[in-house]
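Written below as structure tokens is the structure these notes are about.
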Amino acid sequence: MAAKWITQETFDAVVQENITEFEMEPEEALMEAIEQFKSQDVDLSNIVKAVQKPGADAEEGPRHGILQTLDAVKKSIDSLSQTEVKQHLAIFSDQCRTEFAYRYLAAQNSAYPVILTAWKLSVGDKNTLTKALSAMAALTDGQPDLLDAVGQQLLIETMQENADSSEVTQLALRIVRHVCLKHEQNRQDLVKAGVLPLLVGAITKHAFEEEIVKEACSAVRVMTLDDDIRVPFGHAHDHAKMIVLENNGLKVIIEAAKGKRENHLAFHICMC
């Protein structure tokens, strides 16, 4: 049987109806709505299963917490308050990591251009930049279609300009991995833009930083996958050849693995 789907608005309306019409407590109303839809074989994997929070003022209706945070990010960007931008981006990142439904809801409410704007405005401020990259990494996890041409170029520029920064590099590598997993067009576009030498270079430059090497090796591996069912023929083999022949990737990976036989890092390296 094909799965049934509902919108977030439909789910929220049923929860609110349980509260207003049947005088249930919020948590009881939520559980009742969940059970109701499950009994109808509705797939709730893309639904934020939480009670909406009251708005900041009387004119603003109830909203889910992640959307309220997204509104706060917008307002802090408009007011050019770097301190508030950083605070709200950090909260947004945590909320996106709760589960896929949260970042899906955010994406459906134009989160990508908002976070992209914060990223653009953070140039020159390393602290804000890391918060923006963290938010983008969290948002794009499982949602590679969000990346556009502007984001691709900004990602490459960020990696080029911050190659010496461990924190920025690690977050940028994570974004590469997220936006290229199961997305052949993003892989091809980023390869054309010059991402492969940046990935291999990150392994060399940060060879003694375990988390960065793991992240870089994971990104390298993703570039060689043929996992996008929307594309009949990918460039996985071409990318693998470019990594080895044009970027000396095999030697770099072997060097990174040396002396790590007893370390779980070796596993990540060998998975490249």
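Quick notes
- For M31, the criteria (1) within 30 Å of the chain's Cα centre (by Cα); (2) open to solvent by less than 90 Å² (accessible area, probe 1.4 Å); (3) among the hydrophobic types (A, V, I, L, M, F, W, C) hold in every case but one, which is (2).
- For segment 62-72, the candidate set comprises residues that are assigned to a helix (DSSP H, G or I) and open to solvent by less than 30 Å² (accessible area, probe 1.4 Å); within that set, the residue that is farthest from A118 (Cα to Cα) is G65.
- You will find that of E28, E9, the residue that is out of contact with any Phe, Trp or Tyr (no Cβ under 6 Å at 6 or more places or on another chain), modelled with pLDDT of 95 or more and over 18 Å from R103 (Cα atoms) is E28 and no other.
- Within segment 150-171, residues that are free of Cβ contacts under 8 Å to residues at least 12 places away in the same chain have Cβ atoms under 8 Å from residues that are open to solvent by 20 Å² or more (accessible area, probe 1.4 Å) and of a type outside the set (S, T, Y) in no pair, counting only partners at least 6 apart in sequence or on another chain.
- Candidate set: segment 37-57, residues that are β-branched (V, I, T) and assigned to a loop (DSSP other than H, G, I, E, B); chosen: the one nearest to T7 (Cα to Cα): I47
- Residue in segment 10-26 that is in contact (Cβ under 8 Å) with a residue 40 or more places away in the chain, more than 18 Å from Y112 (Cα to Cα) and in contact with a Leu (Cβ under 9 Å, 6 or more places away or on another chain) present: no
Yes/no matrix, rows are residues, columns are (1) more than 20 Å from V73 (Cβ to Cβ); (2) open to solvent by 10 Å² or more (accessible area, probe 1.4 Å):
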residue	(1), (2)
A111	no, no
V114	no, yes
W119	no, no
S122	no, no
A135	no, no
L139	no, no
Q143	no, yes
N162	yes, yes
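- Any chance S76 is open to solvent by 40 Å² or more (accessible area, probe 1.4 Å) and modelled with pLDDT of 95 or more: no
The values are calculated or read from the model by the stated rules, or taken from the named source; none is laboratory data. Predicted model only: the values in this text are computed from it and were never measured. Cβ sites come from the backbone with ideal geometry, for glycine too, and all protein chains shown count toward neighbours. Note: accessible area is taken over every heavy atom of the protein model, side chains too, but ligands, DNA and RNA are not part of it. Shrake-Rupley method; radii C 1.70, N 1.55, O 1.52, S 1.80 Å.
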